[in-house]
Amino acid sequence: MPFLMLPVMTHHLSPTEFGALAIFLLANSCISAFVGMNVHANISKNFFTLPKDKLGDMIGNIFVVMLVSSFIATVFFAVVALFVNDLFSLPLSAFLVMPLLSFMTMVNTINLTILRNEGRAYIYGAFEVACTVLAISVTLVFLLSLEAGWRSQVYGLLTAYGVFFFVAIVYMTKRGYLSLNISSVEVRRVLGSSVPMIPYVLAGIVMNVSDRVFIERMVGLEAVGHYAIGYNFGMIVLMFTDAFAKAWSPWFYKLMSKPTEGNKKTVVRYSYFYAMGVFCLVVAVSVFAYFAIPFMVSQAFLGAASYVFWIALALAIQGLYKMLFPYFILMERHYVLSGILVICALSNLVFSYVLVDHFGAVGAAYSSALAWGGAVVMAFIYKQRICAMPWR
């Protein structure tokens with residue numbers, strides 16, 4: 001949605017306002033990571049092995065875990081609001097809505113994960129498109145008619161995910177994928193697979209947010225606005241890698257449940273195709289952005305073009321990491337995933353400080369590319385030890 005909205009948003013928001021919106025979306029993605037704890041990966045992993053009633057029990061207990069984590073996040077920000085009025089240039093009231101938005105988003109994500117594993121592509125696409133159209137429509141009403149500024153997109157997201165939260169509940173219940181058979185044993189099982197992912201989630205947050213946080217602290221909110229425009233163009237790569245990961249995981253788990261030599265060669269072949277495709281896309285996006293930015297954004301945002309290539313490259317390398325992710329889930333090496341990402345996240349903090357100080361805002365993109373590159377190298381080396389694949 002941010003990319004589709006660029007022509008309108010940049011003509012009605014200043015770079016500072018756009019920076020505030022970017023910080024909100026970034027912070028909300030962090031809260032979503034805490035609330036969700038990557039539980040949808042467990043649904044994909046167990047979808048083809050558990051009977052539907054057991055899967056429904058698991059999803060019902062996942063909801064309990066997410067509700068509790070949402071409540072904890074809400075209480076945390078309510079307490080913080082007693083002592084400070086703003087955080088990272090945003091009012092604390094903005095942070096108070098994030099746990100609710102994150103919970104509704106994760107419920108929608110679980111529903112889409114089920115649809116994807118069922119192979120119901122048309123319904124999956126209809127849900128995705130309808131949610132996006134509703135979010136854009138509400139955003140435009142608040143932006144153009146009510147002049148709500150950067151908060152317009154927040155209202156759009158709350159409305160769209162609120163509606164599709166109820167759609168998801170109804171759909172999962174009718175299809176037998178949601179059972180409120182709450183069990184302490186099942187909750188512990190969910191936590192047992194999710195809690196080891198918390199360091200992974202926290203490290204992922206650092207990897208994904210540190211660029212804009214360092215820019216906001218060391219350069220300024222206006223620079224965040226310019227960087228965010230470049231990031232939106234780079235997100236064309238992210239949309240591709242996310243779509244690939246959503247299709248890749250269930251296909252990978254299904255194929256590797258019978259790890260014959262033929263199946264392994266098939267996985268490797270498609271891995272090579274994907275890697276070549278994603279780096280070709282980086283070049284294509286960079287060329288497209290060079291010519292498109294002057295026509296799509298207002299004069300105040302033209303400097304965003306200088307960030308696109310490095311952001312797209314960092315997101316492409318992150319996409320390679322997503323390709324390796326299912327190996328660790330399959331082999332139950334959650335803690336290794338966490339360790340790799342923690343090391344790279346700490347490195348990213350050092351890189352960001354040094355490179356932003358030396359090169360300005362673009363140094364944050366350099367840092368992201370370096371850190372994700374390190375994560376891919378370490379993940380690949382360890383993956384080959386636990387699950388050797390015929391790469392030659």
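Each value in this text was obtained by applying a stated rule to the coordinates, not by laboratory testing. For clarity, every value in this text was computed on a predicted model and none was experimentally measured. Note that each Cβ is placed from the backbone with ideal geometry, even for glycine, and that neighbours are counted across all protein chains shown.
Kirkwood Rh over Cα pairs of region 127-208 into Stokes-Einstein at 20 °C, 1.002 mPa s: D in µm²/s?
Values: Rh = 15.8 Å.
After rounding, the answer is 136 µm²/s.
222 nm [θ] for the chain, helices only, -39500 (n - 2.57) per DSSP H run of 4+, per residue, to 500? Please report the intermediate quantities before stating the final value.
Numbers: 15 runs with 319 residues, N = 392.
One gets -28500 deg cm²/dmol as the mean residue ellipticity at 222 nm.
Would you please give the residues with an amide H less than 5 Å from that of LEU87, counting only those at least 5 places away or on a separate chain, with H modeled from the backbone geometry?
LEU92
Taking the mean number of other Cβ atoms within 10 Å as a proxy for protection, how do you rank 368-378, 167-177 from highest to lowest?
In descending order of packing, they fall as 368-378, 167-177.
Add +1 for every Lys or Arg and -1 for every Asp or Glu among the other residues with Cβ under 14 Å from the Cβ of LEU349, and state the total.
On the way: positive: ARG212, ARG217; negative: ASP211, ASP357.
After counting each charged neighbour, the total is 0.
In whole Å, what three semi-axes, largest first, describe the equivalent ellipsoid of region 260-339 built from its Cα gyration tensor (square root of 5 times each eigenvalue)?
Working: eigenvalues 249, 54, 10 Å².
Equivalent ellipsoid of region 260-339: 35, 16, 7 Å, largest first.
So, in Å, what gap is there between the alpha-carbon centers of region 273-302 and region 316-342?
Spelled out, the Cα-based centre of one part sits 28 Å from the other.
When you count, for each residue, the other Cβ atoms within 10 Å and take the mean per peptide, how do 260-270, 298-308 rank with the highest first?
Values: 260-270: 13.5, 298-308: 19.4.
Most protected by this proxy first, the peptides run 298-308, 260-270.
Once you compute Rg and the Kirkwood Rh from C-alpha atoms, what is the Rg to Rh ratio for region 242-284? Show your work: numbers first, answer last.
Values: Rg = 11.8 Å, Rh = 11.2 Å.
Rg/Rh: 1.06.
If you bin the C-alpha pair distances of region 196-392 every 10 Å from 0, what whole percents do you get?
Whole-percent P(r) values from 0 Å outward: 9, 33, 34, 18, 6, 1.
What is the log10 of I(q)/I(0) for the chain, computed with the Debye formula using one identical point scatterer on each Cα and no solvent, at q = 0.11 Å⁻¹?
The Cα Debye sum returns log10 ratios of -0.83.
Dividing the alpha-carbon Rg of region 1-156 by 2.2 N^0.38 Å yields what?
Working: Rg = 17.7 Å, N = 156, 2.2 N^0.38 = 15.0 Å.
For region 1-156, the normalised Cα radius of gyration comes out at 1.18.
How big is region 91-162 on each of its three principal axes, counting only the C-alpha atoms and giving the largest first in Å?
Its Cα atoms span 41, 25, 13 Å along the three principal axes.
Distance from the Cα centre of region 1-73 to that of region 202-233, in angstrom?
19
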